[in-house]
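Peer 1: I have a structure here, written as structure tokens, and I will follow up with some questions on it.
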Amino acid sequence: MAEHSILVVEDEHTLRRLLEYRLSKKYNVRTAANGEEALVRVSEELPDLIISDIMMPKMDGFALQASLQDRKETSVIPFIFLTAKADEQSRLKGRRTGVDDYITKPFDIDQLLARVERLLARTSHFQTQLDARIGEDFSRKLIPKQLPRVDGYKLEFHNAPREVSGGDIFDWTEVKPGVYFITIGDVMGKGLQAKVYTFSFVGYIRSMLHALLRTSDSPAEIMARINQLLVDDPPLEDSFATLLFLRWEPARNLVTYANGGHPRPVIITERGAEILSYSDIILGLDGHAEFKDTAVSIPPGAAILTYTDGLLEQQMASGEQLGEEGVIRAAGEAFGSDRPLDRIVSGVLSESAKPEFADDILLFWMEREASMATIRQTPRWFSPFGESADPK
Amino acid sequence: MSFFIEPVTRDSVVVQIGKALDFRNAADFKAAVQEQVRSGVRNFILDFTDTGILDSTGLGSIFSLYRQVSPMSGQVVFASVSRPVQVVVQLTRTYKVFRQFPSVDAAREGIR
């Protein structure tokens, strides 16, 4: 974590040096001998906290404080007054200007340090809370509240964002009746900035999809266009994203995908789990990059699993990362389970170095139900709801 | 934390990535290579010999460098790529953009 910066404003040389000496053990300290100098220091770089004397030549502490109140970004800097004037009148005046604390000389330096510490902790606590709240809000809005409901398919979704989370994307849209576009991705970067960017990026992809789908329904073509925009658009410069587009046509049991550097999906059938191996380069790096569609037909009972790098890079107790081999194994073990994603999560965590995921994870499971022939082996007609629940 | 940068020619350098390039030091990496670009460097050999961690923020900082120097005919090449770095490069398919060399010496020869 970066050191907090403190500005000490004190005209008395010895005291100024003493404060600088004691505070600089923990903080990044700058000093000023009066209010005027202090304003120059503040304009160079905003400090995290100001400790100021009241009685000073040129510009006194009250004038400094009043002047800082004029600008929004300086008015919120925590401010401690330090003064020899123990009389009630100046104390009241100090209160009136809205300072955070008021310490009378002679003072105990350890007490001052404790107050500084408390004030800084409070400020950064509010900041962290605010960041977390905004981040959570974005996370909630980024993730759709429901999944498509399609007869003959079971869809599951698992999302576990961490506190300092990044830009995982999951979105879907029914582009025309019976045809779904599913977007899975990860915008590079961490923290609130990545979150805000991801939020606009998803909106951007949504509108692009709607515009482009009028002329093309190829995931690869749309991916190429989005890649070009990422490279060419100045506001999007320096932004990179892995993206996986799935065009899903349940009636044909067909998934057509384009993969831009995203962790490769797994298909699981009765014969076992295997990687859908074709993928292209991550988006935002090369404007001329080419992308290719791959069509995958989904046999009865088969499932497709998509995931983000948080799963892949999970540190296992063995000391290795989970890796594709680990994902394949976990997917194979979850196959046939009622709650396959829960099974994957608990299975991976049970073999992890730590009992939680180090990064965000986002998992999506699409399973075609077994054929009618297979279903008939189970005596469904004994269920009083069986017939009416079945559309056929 | 700073990165050790060794000049090769007037416009080429070797950057030792060290143990990790991730969200903790990606900004330092950016600042270090920016300074090189400003002083006229166009070709960057990234030495991954000791690198155990390359996360997406770290990779992003390399991408930014690539985006910046490639229009000026600059190159970013990877040398002595460790296994963890290789995994990330494979995953993101970025080997299509970053040439790889088995050693720093081979990279020095290769970018001439």
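The values are calculated or read from the model by the stated rules, or taken from the named source; none is laboratory data. None of these values were measured; they are calculated from a predicted model. Backbone-built Cβ (ideal geometry, glycine too); neighbour counts: all protein chains shown. Side chains included, ligands, DNA and RNA excluded: accessible areas come from the protein's heavy atoms. Shrake-Rupley method; radii C 1.70, N 1.55, O 1.52, S 1.80 Å.
Peer 1: Looking only at segment B:91-102, filter to residues that are touching a Phe, Trp or Tyr at 6+ places or on another chain (Cβ under 8 Å) and over 16 Å from A:ALA241 (Cα atoms); which one of those is farthest from the other protein chains (Cβ to nearest Cβ)?
Peer 2: Filtering first and then ranking leaves B:PHE101.
Peer 1: Taking segment B:59-90 on its own, how many of its residues are within 9 Å of chain A (Cβ to nearest Cβ), open to solvent by 30 Å² or more (accessible area, probe 1.4 Å) and within 20 Å of A:LEU244 (Cα to Cα)?
Peer 2: 1
Peer 1: Within segment A:273-295, can one find any residue that is over 24 Å from B:LYS96 (Cβ atoms) and more than 14 Å from chain B (Cβ to nearest Cβ)?
Peer 2: Yes: segment A:273-295 contains one or more residues that are over 24 Å from B:LYS96 (Cβ atoms) and more than 14 Å from chain B (Cβ to nearest Cβ).
Peer 1: Whether any residue in segment A:330-342 is open to solvent by 40 Å² or more (accessible area, probe 1.4 Å), closer than 28 Å to B:LEU59 by Cα and within 25 Å of the chain's Cα centre (by Cα) is what I want to check.
Peer 2: Scanning segment A:330-342, I find no residue that is open to solvent by 40 Å² or more (accessible area, probe 1.4 Å), closer than 28 Å to B:LEU59 by Cα and within 25 Å of the chain's Cα centre (by Cα), so the answer is no.
Peer 1: On to the next question. Just to be sure, is A:LEU341 among the hydrophobic types (A, V, I, L, M, F, W, C), in a helix (DSSP H, G or I) and at pLDDT 95 or above?
Peer 2: Working: among the hydrophobic types (A, V, I, L, M, F, W, C): yes; in a helix (DSSP H, G or I): yes; at pLDDT 95 or above: yes.
Answer is yes for this residue.
Peer 1: Would you be able to say whether some residue in segment A:195-204 is open to solvent by 30 Å² or more (accessible area, probe 1.4 Å), touching a helix residue (DSSP H, G or I) at 6+ places or on another chain (Cβ under 9 Å) and within 14 Å of chain B (Cβ to nearest Cβ)?
Peer 2: Checked segment A:195-204: at least one residue is open to solvent by 30 Å² or more (accessible area, probe 1.4 Å), touching a helix residue (DSSP H, G or I) at 6+ places or on another chain (Cβ under 9 Å) and within 14 Å of chain B (Cβ to nearest Cβ).
Peer 1: Residue check: is B:LYS19 open to solvent by 20 Å² or more (accessible area, probe 1.4 Å), under 14 Å from the mean Cα position of the chain (by Cα) and under 21 Å from B:ALA107 (Cα atoms)?
Peer 2: The answer is yes for B:LYS19.
Peer 1: Next up: Does segment B:1-16 hold any residues that are within 11 Å of the chain's Cα centre (by Cα) and open to solvent by less than 10 Å² (accessible area, probe 1.4 Å), and which are they?
Peer 2: Those that are within 11 Å of the chain's Cα centre (by Cα) and open to solvent by less than 10 Å² (accessible area, probe 1.4 Å): B:VAL13, B:VAL14, B:VAL15.
Peer 1: Here's a check for you: in segment A:239-254, which residue that is among the aliphatic types (A, V, I, L, M) and surrounded by fewer than 24 Cβ atoms within 10 Å (Cβ to Cβ) is farthest from B:VAL89 (Cα to Cα)?
Peer 2: A:ALA251
Peer 1: Note down all Cβ pairs under 8 Å where the first residue falls in segment A:208-235 and is on the phi > 0 side of the Ramachandran plot, the second is buried (at least 16 other Cβ atoms within 10 Å of the Cβ) and of a type outside the set (D, E, K, R), and they're at least six residues apart or on different chains.
Peer 2: none
Peer 1: Could you look through segment A:34-69, keep only residues that are among the charged types (D, E, K, R) and in contact (Cβ under 8 Å) with a residue 24 or more places away in the chain, and pick out the one that is nearest to A:LEU23 (Cα to Cα)?
Peer 2: A:ASP48
Peer 1: Looking at A:TYR102 and the list (1) in contact with a Phe, Trp or Tyr (Cβ under 6 Å, 6 or more places away or on another chain); (2) farther than 13 Å from A:LEU7 by Cα; (3) modelled with pLDDT of 90 or more, which single condition is not satisfied?
Peer 2: Tallying (1) in contact with a Phe, Trp or Tyr (Cβ under 6 Å, 6 or more places away or on another chain); (2) farther than 13 Å from A:LEU7 by Cα; (3) modelled with pLDDT of 90 or more, A:TYR102 fails exactly one: (3).
Peer 1: Would you say B:LEU46 is in a strand (DSSP E or B) and crowded, with 21+ Cβ neighbours inside 10 Å? Quick ask: steps written out before the conclusion?
Peer 2: Values: in a strand (DSSP E or B): yes; crowded, with 21+ Cβ neighbours inside 10 Å: yes.
Here the answer is yes, as B:LEU46 does meet what is asked.
Peer 1: Taking B:VAL15 as the residue in question, decide whether it is modelled with pLDDT of 95 or more and not in a helix (DSSP H, G or I).
Peer 2: Working: modelled with pLDDT of 95 or more: yes; not in a helix (DSSP H, G or I): yes.
The answer is yes for B:VAL15.
Peer 1: Which residue out of A:PHE181, A:PHE138, A:PHE81 is buried (at least 18 other Cβ atoms within 10 Å of the Cβ) and at pLDDT below 75?
Peer 2: Among A:PHE181, A:PHE138, A:PHE81, only A:PHE138 is buried (at least 18 other Cβ atoms within 10 Å of the Cβ) and at pLDDT below 75.
Peer 1: Please find, within segment A:275-313, the residue that is most open to solvent (accessible area, probe 1.4 Å) out of those that are more than 18 Å from A:LEU254 (Cβ to Cβ) and in a strand (DSSP E or B).
Peer 2: Among those that are more than 18 Å from A:LEU254 (Cβ to Cβ) and in a strand (DSSP E or B), it is A:ILE275.
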